[in-house]
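Q: One structure, as structure tokens, below. Some questions next.
The values are calculated or read from the model by the stated rules, or taken from the named source; none is laboratory data. Predicted model, so just to flag it, every value in this text is computed and none were measured. When we count neighbours, we look across all protein chains shown, and the Cβ atoms used for this are built from the backbone with ideal geometry, even at glycine.
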Amino acid sequence: MTSAAAETHERIPTAVFPDNQAAVRHVADAIETLVRERAAAGQPAVLGLATGSTPVPLYRELIRRHREEGLSFAHVITFNLDEYYPLEPQHPESYHRFMREQLFDHLDIPAAQIHVPPGDLPRDEIHAACTAYEQAIRDAGGVDIQILGIGRTGHIGFNEPGSGPASVTRLVTLDRLTRADAARDFRGEANVPRYAITMGVGTILRARRIFMLAWGRAKADVLRQAIEEPPRDTVPASYLQQHDATEVFLDAPAASELTRLRSPWWVGFPEWTTPLTRRAVTDLSLKLSKPLLKLVDKDYQENGLADLVTSHGPAYDLNIRLFNEVQHTITGWPGGKPHVDDTHRPERAEPARKRVLVLSPEPADDILAMAGTLHRLVQHGHEVTVAYLTSGNLGVPDAEARWAAQLMLEANAAAPDSLARRVLDELARKAAFDQDSADLRRFKGFLRRSEARAALELCGVPAPNVRFLDLPFYESGTYRRFQLGDADATAVGRLLHEIQPHQIFTTGAAADPSSVPAKSFAAFTTALGAAADHAWTKDCWVWLFRSDGREWPIDEIEMAVPCSPDELDRKAQAIYQHRSQRHQTPVTDSDSAEPWEQAVDRNRATAQLYDRLGLAEYEAIECFVRWQPTADTSTSTSS
């Protein structure tokens with residue numbers, strides 16, 4: 001929970017939990033208490049509900065309590081935050097349908113007590129409908145508990161930047177990043193509605209209690225802004241500071257940028273561990289634009305680090321120590337440099353020729369993060385295997401599938417009943433939002449396989465060393481609705497036992513738990529845990545790359561692999577091979593329009609940070625953090 005010291009920075013009471021399940025139980029307890037108390041008094045409980053992946057674990061917990069503990073929702077009235085416009089209620093991506101599938105169909109709540117903004121009205125009727133929605137909330141007695149998520153733009157509901165605290169239920173235009181985040185749900189950004197109907201910030205602030213939930217590291221920075229910085233229209237969630245009964249519930253990755261966790265020296269006297277000392281000194285160097293070796297005692301004393309320099313100084317000694325630590329992360333030998341002293345190197349020298357396994361959640365994740373490192377590993381003679389855990393077929397726009405199928409038919413016109421012909425026939429009659437058939441998903445998977453092979457060929461990875469696991473959770477699911485099963489971890493486990501790697505590169509440890517990287521990582525950790533008694537696991541190191549369009553903070557980087565201009569150009573060419581992913585809307589707020597531009601810019605930015613710290617100047621750097629299993633590492637794939 002929030003400490004007294006943290007409150008000097010946090011303007012909203014914020015609770016941080018080890019994982020989202022612990023947070024969800026806490027929120028579900030509050031909802032259950034309200035529902036039972038109101039039912040006992042013969043009164044309704046009014047809940048404001050959110051959509052998206054964030055509240056899904058909460059809804060599953062409420063369903064469990066209804067089924068297993070008899071929690072009745074017969075006296076509950078609900079009001080949803082928002083709905084896309086124009087979308088009919090039966091549309092597969094409408095929030096009407098989402099709420100039915102994720103919650104309402106599994107509870108005993110009467111249909112007449114469920115309210116979702118209408119997304120299928122004529123434009124000239126919207127204003128009246130929004131006014132009626134506000135009145136319906138008042139007639140129900142107001143919202144008792146409002147559940148919120150937060151978007152990467154800082155939006156709550158669909159209140160995009162520019163929404164003020166007096167705004168009410170209305171039609172809004174969706175922000176570019178918001179539409180980008182929804183692109184895969186709608187099979188391409190072109191299909192994402194440009195408008196939505198949403199409760200206003202003012203409507204939300206009238207709730208008696210507000211619970212905002214967030215999971216995963218991708219939203220950490222905007223959460224810090226909303227919780228710690230003054231309220232402003234550019235971050236609508238920051239207006240929750242004006243509500244006396246708002247609480248924020250975060251998992252550890254989502255909370256990672258809060259001052260009490262990122263810079264605890266500003267809220268107290270922390271234990272100066274090696275990682276925290278490195279963070280403090282590198283942050284100071286970058287803040288003052290002074291290389292590490294030029295910092296002086298006064299710099300520390302005037303920037304909240306007097307305790308550090310007093311207990312571990314003088315500055316000169318700290319600077320030298322931190323300079324060496326950061327310098328030792330840099331290596332041109334990501335597989336370890338053989339036959340040398342590896343005391344201060346990120347990777348072991350032996351064995352000189354390692355079995356390396358790269359686990360990529362979807363095709364392109366590996367190339368975007370570590371194409372240069374892949375090429376270097378192959379060059380150095382390591383046995384590199386790249387395994388794509390999912391097919392990535394949900395990320396292929398219909399237009400790309402049509403292009404590929406037409407090309408195949410041109411090459412083989414004498415195949416009237418071919419898969420390509422069936423795909424073209426389906427695409428010709430398919431409405432924009434119809435679900436893909438098994439044939440079409442399989443075809444799109446083949447398309448992504450071809451792209452992946454072409455990209456890896458540029459990195460030097462031979463075709464026999466490329467694997468496609470097509471994990472069942474992905475093939476049987478859709479974005480935001482994935483469910484892991486035992487078969488997923490079993491498939492990963494078979495590959496691990498076959499390769500018996502010395503090195504594994506993967507991602508997803510701090511991702512949103514509902515995402516493909518997080519689900520893939522859970523399958524991997526379960527498989528690795530099941531193999532713990534095997535001898536090869538004792539000599540296996542796991543390195544994490546990030547797949548959310550961002551990079552590790554420089555103080556966390558444990559292996560930094562420089563890329564030359566030629567290597568960076570090769571990486572851009574490899575990314576370009578993923579044709580179906582070109583022209584996808586950026587996953588960050590970068591001005592760069594294309595995936596290869598974003599990746600190259602990110603690698604160059606990392607190199608510039610090392611340069612600013614006073615280390616060697618490189619063209620670009622790919623970076624990794626070492627992961628080690630802990631006692632609380634999940635071994636369940638049922639979540």
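Q: Identify, from the list Gly549, Gly529, Gly508, the residue that is over 23 Å from Leu276 (Cβ atoms), outside any loop (DSSP other than H, G, I, E, B) and touching a residue at least 40 places away in the same chain (Cβ under 8 Å).
A: Testing whether each residue is over 23 Å from Leu276 (Cβ atoms), outside any loop (DSSP other than H, G, I, E, B) and touching a residue at least 40 places away in the same chain (Cβ under 8 Å) leaves just Gly529.
Q: I'm checking my understanding of the structure. Among residues of region 458-505 that are in a helix (DSSP H, G or I) and touching a Ser or Thr at 6+ places or on another chain (Cβ under 7 Å), which one is nearest to Val542 (Cα to Cα)?
A: Ile499
Q: Where in region 169-215 are the strands (runs of 3 or more DSSP E), entirely inside, with at least 2 residues that are at pLDDT 95 or above and more than 18 Å from Pro117 (Cβ to Cβ)?
A: 209-214
Q: For region 425-435, state whether one or more residues are among the aliphatic types (A, V, I, L, M), buried (at least 22 other Cβ atoms within 10 Å of the Cβ) and not assigned by TED's automatic domain parsing to the domain that holds Leu58.
A: Taking every residue of region 425-435 in turn, none turns out to be among the aliphatic types (A, V, I, L, M), buried (at least 22 other Cβ atoms within 10 Å of the Cβ) and not assigned by TED's automatic domain parsing to the domain that holds Leu58.
Q: Which of the numbered conditions does Arg152 fail, given that it passes all the others? Conditions: (1) at pLDDT 95 or above; (2) part of a loop (DSSP other than H, G, I, E, B); (3) of a type outside the set (Ser, Thr, Tyr).
A: (1)
Q: Only one of these conditions is not met by Gly48: (1) part of a helix (DSSP H, G or I); (2) in contact with a Ser or Thr (Cβ under 9 Å, 6 or more places away or on another chain). Which number is it?
A: Condition (1) is where Gly48 drops out.
Q: Another one. Give the number of residues within region 87-96 that are surrounded by 18 or more Cβ atoms within 10 Å (Cβ to Cβ) and either over 23 Å from the mean Cα position of the chain (by Cα) or in a loop (DSSP other than H, G, I, E, B) (or both).
A: Result for region 87-96: 5.
Q: Taking interchain pairs and intrachain pairs at least six residues apart, which have beta carbon atoms under 6 angstrom, with the first residue in region 209-234 and at positive phi and assigned by TED's automatic domain parsing to the domain that holds Leu34 and the second among the aliphatic types (A, V, I, L, M) and in a loop (DSSP other than H, G, I, E, B)?
A: Gly216/Ala254; Gly216/Ala511
Q: Identify all residues within region 137-154 that are under 13 Å from Val46 (Cα atoms) and surrounded by 20 or more Cβ atoms within 10 Å (Cβ to Cβ); write none if there are none.
A: Ile137, Val143, Asp144, Ile145, Gln146, Ile147, listed by residue number.
Q: Separate question: Among the listed residues Gly395, Gly445, Gly477, identify the single one that is at pLDDT below 95, within 29 Å of the chain's Cα centre (by Cα), closer than 17 Å to Ser360 by Cβ and of a type outside the set (A, V, I, L, M, F, W, C).
A: Values: Gly445 fails: at pLDDT below 95; Gly477 fails: closer than 17 Å to Ser360 by Cβ.
From the options Gly395, Gly445, Gly477, the qualifying one is Gly395.
Q: Still on this structure, I have one more. Can you pull out the residues in region 263-290 that are under 17 Å from Thr329 (Cα atoms) and loosely packed, with under 13 Cβ neighbours inside 10 Å?
A: Those that are under 17 Å from Thr329 (Cα atoms) and loosely packed, with under 13 Cβ neighbours inside 10 Å: Thr274, Pro275.
Q: Quick check on my filter: what residues within region 552-587 are touching a residue at least 12 places away in the same chain (Cβ under 8 Å), of a type in the set (Asp, Glu) and over 30 Å from Glu257 (Cβ atoms)?
A: Glu567
Q: Report, ordered by the first and then the second residue, all pairs with beta carbons closer than 6 Å, sequence separation of six or more or different chains, a first member in region 257-279 that is of a type outside the set (A, V, I, L, M, F, W, C), and a second member that is outside any helix (DSSP H, G or I).
A: Thr259/His9; Arg260/Val267; Pro264/Pro270; Gly268/Ala5; Arg278/Asp555; Arg279/Asp555
Q: Limited to region 6-64, what total is found for residues that are of a type in the set (Lys, Arg) and under 26 Å from Gly216 (Cβ atoms)?
A: Qualifying residue count for the region: 4.
Q: Here is a further query. Kindly check whether there is at least one residue in region 334-357 that is under 30 Å from Thr478 (Cα atoms) and either outside the structural domain of Ser520 (by TED's automatic domain parsing) or under 29 Å from the mean Cα position of the chain (by Cα) (or both).
A: Yes: region 334-357 contains one or more residues that are under 30 Å from Thr478 (Cα atoms) and either outside the structural domain of Ser520 (by TED's automatic domain parsing) or under 29 Å from the mean Cα position of the chain (by Cα) (or both).
Q: Hey, another quick one. Please work out if Glu134 is closer than 29 Å to Ala30 by Cβ and surrounded by fewer than 21 Cβ atoms within 10 Å (Cβ to Cβ).
A: So Glu134 passes the test.
Q: Out of Gly313, Gly335, report the one residue that is buried (at least 16 other Cβ atoms within 10 Å of the Cβ) and modelled with pLDDT under 95. So that I can check it myself, show each step before the final result.
A: Working: Gly335 fails: modelled with pLDDT under 95.
That would be Gly313, the only listed residue that is buried (at least 16 other Cβ atoms within 10 Å of the Cβ) and modelled with pLDDT under 95.
Q: Looking only at region 493-547, how many residues end up being among the basic types (Lys, Arg) and either outside the structural domain of Leu374 (by TED's automatic domain parsing) or under 24 Å from Arg348 (Cα atoms) (or both)?
A: Total satisfying the criteria: 2.
Q: With respect to Ser391, determine if the residue is surrounded by fewer than 21 Cβ atoms within 10 Å (Cβ to Cβ) and among the polar types (S, T, N, Q). Talk me through it step by step, then tell me what you get.
A: Working: surrounded by fewer than 21 Cβ atoms within 10 Å (Cβ to Cβ): no; among the polar types (S, T, N, Q): yes.
In short, no.
Q: Regarding region 280-293, can at least one residue be identified that is at positive phi and modelled with pLDDT of 95 or more?
A: Checked region 280-293: at least one residue is at positive phi and modelled with pLDDT of 95 or more.
Q: Same structure again: What's the number of the only condition in (1) hydroxyl-bearing (Ser, Thr, Tyr); (2) buried (at least 19 other Cβ atoms within 10 Å of the Cβ); (3) in contact with a Leu (Cβ under 7 Å, 6 or more places away or on another chain) that Tyr195 fails to meet?
A: Among (1) hydroxyl-bearing (Ser, Thr, Tyr); (2) buried (at least 19 other Cβ atoms within 10 Å of the Cβ); (3) in contact with a Leu (Cβ under 7 Å, 6 or more places away or on another chain), the lone unmet condition for Tyr195 is (2).
Q: Sticking with this structure for a sec: Would you say Arg38 is free of Cβ contacts under 8 Å to residues at least 24 places away in the same chain, in the same structural domain as Arg194 (by TED's automatic domain parsing) and of a type in the set (Lys, Arg)?
A: No; evaluated as a whole, the condition is false for this residue.
Q: Also: Leu407 is checked against (1) under 30 Å from Thr54 (Cβ atoms); (2) of a type in the set (A, V, I, L, M, F, W, C); (3) more than 30 Å from the chain's Cα centre (by Cα) and fails just one. What number does that condition carry?
A: Here Leu407 meets the rest and fails (1).
Q: With within 33 Å of the chain's Cα centre (by Cα) and not hydrophobic (A, V, I, L, M, F, W, C) as the only criterion, which of Pro110, Pro118 stands out?
A: Pro118
Q: So the check is Cβ under 7 Å with 6+ separation or different chains; which pairs have a first residue in region 533-544 that's loosely packed, with under 14 Cβ neighbours inside 10 Å and a second one that's in a strand (DSSP E or B)?
A: Every condition considered, no pair remains.
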